[in-house]
Structures are given as C-alpha cells and as structure tokens.
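Down below is the structure, laid out as structure tokens.
The values are calculated or read from the model by the stated rules, or taken from the named source; none is laboratory data. From a predicted model like this one, the values you see are computed outputs, not experimental measurements. Using ideal geometry, Cβ is built from the backbone for each residue, glycine included, and neighbour counts are taken over all protein chains shown.
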C-alpha cells in the first residue's frame, strides 16, 4: 500500500501567508512563523518516512509557478490548480489517487503535530480497509487532516463552507450523505491568530523532551517573544 501525504502550502513572496496572524503580530513575524512551521512539517514527514517507507510526502502549492522553486525541492511538488479550497482539495486528491492507495491531506498550521500521530493515522487506514475516510478535527471547527481510501466527487468538496466553525461538521455530513463513512481522529489546534500562538507554546513546552530540531527552534522563538504575544 502506497500512502501520499499532501501538504497544502503557500510561497512567501508569491502569496500572502498567515494573514489573520499578521493582523495581530505584523507581517514580518507572521511570515517568520510560517516558514518555521513549514520546516517543522517537513521534519515531521521525514521522520514518518523513516519509520514507514510506504509514505510519500508531497508539497501541494497554491501558486502555479511555485513547484519549480528551490525552497520546495525537498519533496515532489505540484500545483493545487485553480478555484476555491473545495476545488483545490478535490484536484489534489484526484491527482494523487492516480498513483497512491491512500491520500492524506494536511496543512502547515499545526507545527506541533508529530510523526507518531501521523503514523497512527496511517495505521488506522491500513488496518481498516472498510474505513473510507479519517478526519483530524481542528479546535476552530475545521480540520487539520483528511485521510482517504477513495476520492470523493468535486460536488462533495464544494458543498462545504470553509474557514468556518462548521467546516468539518459540514464535510462529514456531505461525505456521509454521499455514502462514505468517516472516522473522527485526534483533535489538534491550528494556528491562525495570536491566542493560538500562546496555546502552541504551551503544547510544545509540555513535550519539550520529544521535539524535533525544527520544533525546538520554533519553541525558542516563541519563548523569546512571548511578552509580545500576550493577549
């Protein structure tokens, strides 16, 4: 079984990144945080591949010209295609299912995730062939992960209101209505606004003994600036 893990990302300089966070802490700090988050996700995926070589990470990028840029040469990179988030999720899923048995979609908003957590999700899909989808809820009502044994039609992805506190609820309902089951997995905090940075710092501090190098760098960056980040 071959598993693709697709990381949705944007390219600094080509697209605005972390715009809600930038409104709170400034564009420069928001871009720095975003770049560190990307590096964290990269190291997490590299650690997961070492433990399960059937995992194949991909960058999936918002900009058509981005896949050829040097900052994305660590994994195979592809363009998400045009359209809203529903269309892009559908595009990437269908493209990767041409060559992979399982497709897992994640973002860069949860740099505190772990290889262990991803591997557990992969195992859940591997040992339960009758389970079609696994969803990782985000605390804001969205999702930080969506893993599948089968693709869904574009209409299902497009039926959802994204960036809302009902996003995952709507997606699960639309998926169930289509006839596919969904297993709800581990909940995790996304980082979108200032208060999420404070929560992230606490989470990283709680597991400081098992952090990857990039996560340690991120934690030290947060700790050095935490007075600035107080609500």
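Numerical summary
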quantity	calculated
Single residue of 156, 160, 122 found to be surrounded by 18 or more Cβ atoms within 10 Å (Cβ to Cβ) and part of a loop (DSSP other than H, G, I, E, B)	160
Test: residue in the stretch 36-53 that is in a loop (DSSP other than H, G, I, E, B) and touching a residue at least 12 places away in the same chain (Cβ under 8 Å)	yes
Test set (1) out of contact with any helix residue (DSSP H, G or I) (no Cβ under 9 Å at 6 or more places or on another chain); (2) farther than 25 Å from residue 149 by Cβ; (3) buried (at least 18 other Cβ atoms within 10 Å of the Cβ) - residue 92 fails condition number	(2)
Search result, residues across the stretch 81-100 that are touching a strand residue (DSSP E or B) at 6+ places or on another chain (Cβ under 7 Å) and assigned to a loop (DSSP other than H, G, I, E, B)	97, 100
Residues (surrounded by fewer than 19 Cβ atoms within 10 Å (Cβ to Cβ) and outside any loop (DSSP other than H, G, I, E, B)) located in the stretch 9-23	12, 15, 19, 20, 22, 23
Restricting the stretch 218-231 to residues that are within 23 Å of residue 20 (Cβ to Cβ) and at pLDDT 85 or above, the residue that is surrounded by the fewest Cβ atoms within 10 Å (Cβ to Cβ)	224
Residue in the stretch 193-201 that is within 30 Å of residue 218 (Cβ to Cβ), surrounded by 14 or more Cβ atoms within 10 Å (Cβ to Cβ) and touching a strand residue (DSSP E or B) at 6+ places or on another chain (Cβ under 8 Å) present	no
Among the candidates 78, 45, residue that is within 30 Å of residue 127 (Cβ to Cβ), surrounded by 15 or more Cβ atoms within 10 Å (Cβ to Cβ) and touching a helix residue (DSSP H, G or I) at 6+ places or on another chain (Cβ under 7 Å)	78
Sole residue being surrounded by 14 or more Cβ atoms within 10 Å (Cβ to Cβ), in a loop (DSSP other than H, G, I, E, B) and out of contact with any strand residue (DSSP E or B) (no Cβ under 9 Å at 6 or more places or on another chain), chosen from 165, 140	140
